C-alpha cells in the first residue's frame with residue numbers, strides 16, 4: 001500500500017531553514033473542498049533513513065478540520081497520542097506511523113513541530129536524516145492517494161531533517177506552495193527562496209534538494 005512506502009531519492013525545488021535550538025514549526029493548511037464528503041483516511045509518519053540517523057522527534061499540533069475523524073487509529077512504532085490532540089513521534093525505530101479514517105470536509109490544518117539533537121546539535125557523524133510525510137486517501141484502507149501530484153509514494157507534504165540540522169519542506173498538493181516555517185524562520189526562508197530563484201535564472205537549470 002502507498003502509506004507503507006518511504007521517500008528516497010531527489011525532491012523538487014524546496015524551502016530550507018537554518019539550525020535552531022528551538023523547535024522548527026511548519027503550519028500546513030489543505031483545501032479539501034474537492035473531496036468533501038469522501039470517506040477516506042489520513043496518514044502521518046516520521047522515519048529515519050537507511051543508515052546511521054541521529055535522534056529527532058516530531059509533534060503534530062493544533063489539528064483542525066470541519067471534516068470528521070472516523071474509527072480507531074492505527075499506531076505503529078514510536079508514536080503516541082490521538083487526533084485531534086497532540087501526536088508525538090520519535091525516529092528510534094524504522095517505521096513510525098499514525099493512520100486514521102477520515103470523512104473529508106472543506107479544509108484541514110495542523111502544525112508540524114520538529115526538535116531534538118538532529119536539529120539543535122547535529123553530530124557530524126550520522127549518514128542519514130529523517131523524513132516526515134503526510135498523506136491523504138480517498139478510501140478507508142489507505143490505498144488510493146488523493147490531492148497529490150506524487151504518483152510514486154502518494155505523499156501530500158514532506159519535511160526532511162538534513163544532516164546539518166536544517167529542515168526542507170516540499171508540497172505535492174496540486175495548487176499549493178510548500179508549508180511555511182513559522183516565526184523567525186519565515187523571513188529566512190523568504191531570503192533563501194529569492195536566492196534560489198536568482199540561481200535558477202542564471203543557470204536555467206532546475207534546482208533539487210539532495211536527500212540525506
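Considering 134, 110, the condition of being touching a residue at least 60 places away in the same chain (Cβ under 8 Å), within 17 Å of the chain's Cα centre (by Cα) and over 18 Å from residue 95 (Cα atoms) is satisfied by 110 alone.
Scan the range 170-192 and give yes if some residue there is more than 24 Å from residue 45 (Cβ to Cβ), modelled with pLDDT under 95, surrounded by fewer than 20 Cβ atoms within 10 Å (Cβ to Cβ) and touching a helix residue (DSSP H, G or I) at 6+ places or on another chain (Cβ under 8 Å), otherwise no. There is no residue in the range 170-192 that is more than 24 Å from residue 45 (Cβ to Cβ), modelled with pLDDT under 95, surrounded by fewer than 20 Cβ atoms within 10 Å (Cβ to Cβ) and touching a helix residue (DSSP H, G or I) at 6+ places or on another chain (Cβ under 8 Å).
Taking the range 30-52 as the range and being at pLDDT 95 or above and either under 16 Å from the mean Cα position of the chain (by Cα) or assigned to a strand (DSSP E or B) (or both) as the test, the residues that pass are 30, 31, 39, 40, 41, 42, 43, 44, 45, 46, 47, 48.
None of 133, 118 is in contact with a strand residue (DSSP E or B) (Cβ under 8 Å, 6 or more places away or on another chain) and either surrounded by fewer than 16 Cβ atoms within 10 Å (Cβ to Cβ) or closer than 14 Å to residue 45 by Cα (or both) except 133. Screening residue 106 against (1) in contact with a helix residue (DSSP H, G or I) (Cβ under 6 Å, 6 or more places away or on another chain); (2) on the phi > 0 side of the Ramachandran plot; (3) surrounded by fewer than 17 Cβ atoms within 10 Å (Cβ to Cβ) leaves a single unmet condition, (2).
What are the residues in the range 148-166 that are in contact with a helix residue (DSSP H, G or I) (Cβ under 7 Å, 6 or more places away or on another chain) and under 26 Å from residue 100 (Cα atoms), if any?
Quick first cut of the range 148-166, residues in contact with a helix residue (DSSP H, G or I) (Cβ under 7 Å, 6 or more places away or on another chain) only: 153-154, 161, 165.
Within the range 148-166, 153, 154, 161 qualify.
The values are calculated or read from the model by the stated rules, or taken from the named source; none is laboratory data. As the structure is a prediction and not an experimental result, all values here were calculated from the model. Every residue, glycine as well, gets a Cβ built from its backbone with ideal geometry; the counts of neighbours run over all protein chains shown.
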